[in-house]
Amino acid sequence: MPGVSDALHDPVDHVLTTTRAVRRRLDLDRPVDPALVRECLTAALQAPTGGNNQGWHFVVVTDPSTRGGVAEVFRRGAIAYAERRDKPRAPRRTRTDAEQAARRRVMASAGYLFEHLHRVPVLVIPCIEGRAGAGTLVDQATAFGSILPAVWSFMLAARARGLGTSWTTVHLEAEQETAELLGIPWETVTQVALVPVAHTVGADFKPAPRRRLDEVLHWDRW
């Protein structure tokens with residue numbers, strides 16, 4: 001029955017298609033109830049994980065002084081990342097004018113987060129046991145595949161509760177420094193992201209422009 005299917009899928013599809021990387025529209029002045037963060041993390045723990053090992057950990061940072069320290073590492077990492085990315089690289093797919101305009105908006109939004117990260121009320125740093133960059137491609141895929149679905153589930157759960165998030169990784173340019181700041185055992189635990197969390201200013205998020213499915217779909221073979 002189409003009506004039943006629509007009713008079942010619409011709330012899920014709405015969250016899936018409107019969970020944006022929120023930066024400028026994070027409410028920097030409204031506190032986030034820790035209970036909401038715990039709810040989102042509880043949902044995240046239902047995500048799949050390789051071998052059901054559940055080797056994930058989540059460091060939630062709310063102390064203003066500690067947030068400030070993490071933000072400083074993030075900024076230094078962002079600068080190092082930008083300098084590395086400025087070096088000549090292999091050519092990529094040519095972006096359309098619309099994609100280039102969207103890219104400029106993303107970079108401006110990232111710059112805003114760069115300046116204000118210390119004011120975001122909650123920072124969540126997801127981790128996985130082991131050094132995820134070690135081993136074969138299979139080992140690495142298994143390690144990252146055992147934590148990234150949980151992080152995305154956390155972000156979807158946050159969206160459903162009126163919270164905005166953004167997936168960031170540039171602090172990993174100085175991962176060990178962040179580990180020392182937060183007491184994370186760097187030798188045996190890998191950080192995979194830094195997710196700012198705050199209530200959003202407004203809730204009118206829409207699906208983003210994306211490449212057409214047929215441009216990226218390969219059925220049976222490339």
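The values are calculated or read from the model by the stated rules, or taken from the named source; none is laboratory data. Because the structure is a prediction, the values reported are computed rather than measured. Positions of Cβ are backbone-derived with ideal geometry, glycine not excepted, and every protein chain shown enters the neighbour counts. Accessible surface is based on the protein model in full, side chains and every heavy atom, while ligands, DNA and RNA are left aside. Shrake-Rupley method; radii C 1.70, N 1.55, O 1.52, S 1.80 Å.
Within the assembled protein chains, the solvent-accessible surface assigned to Asp220 is about 150 Å², based on a 1.4 Å probe.
Ranking of Thr66, Thr96 by solvent-accessible surface, largest first: Thr96, Thr66 (1.4 Å probe, protein heavy atoms only, all chains present).
With a 1.4 Å probe rolled over the protein heavy atoms of all chains, the accessible area of Trp222, Trp152 falls in the order Trp222, Trp152, largest first.
Solvent-accessible surface (1.4 Å probe) assigned to Thr169 amounts to roughly 60 Å². Under 5 Å from the amide H of Gly164 lie the amide H atoms of Ala198, His199, Thr200, each residue being 5 or more positions distant or on a separate chain, with H modelled from the backbone and absent for Pro and chain starts.
Strictly greater than 24 Å: what percent of every Cα pair in segment 110-222 meets that?
41 percent
For segment 189-198, putting each phi into the Karplus relation 6.51 cos²θ - 1.76 cosθ + 1.60 with θ = phi - 60° gives couplings of 9, 10, 7, 10, 6, 9, 10, x, 9, 7 Hz, in residue order, rounded to whole numbers and with x for Gly and Pro.
Comparing Cys127, Leu213, Pro185 along the charge dipole axis of the chain, the residue lying farthest to the positive side is Leu213, per the Cβ-charge model. Ligands, DNA and RNA excluded, the heavy atoms of Leu41 present near 30 Å² of accessible surface to a 1.4 Å solvent probe. Of the residues Val216, Val120, ranked by 1.4 Å probe accessible area with the largest first, the sequence reads Val216, Val120. Which value at 222 nm does the chain reach when only helices count, each DSSP H run of 4 or more adding -39,500 (n - 2.57), with the total divided by all residues and rounded to the nearest 500 deg cm²/dmol? Calculated from helices alone, the mean residue ellipticity at 222 nm is -15000 deg cm²/dmol.
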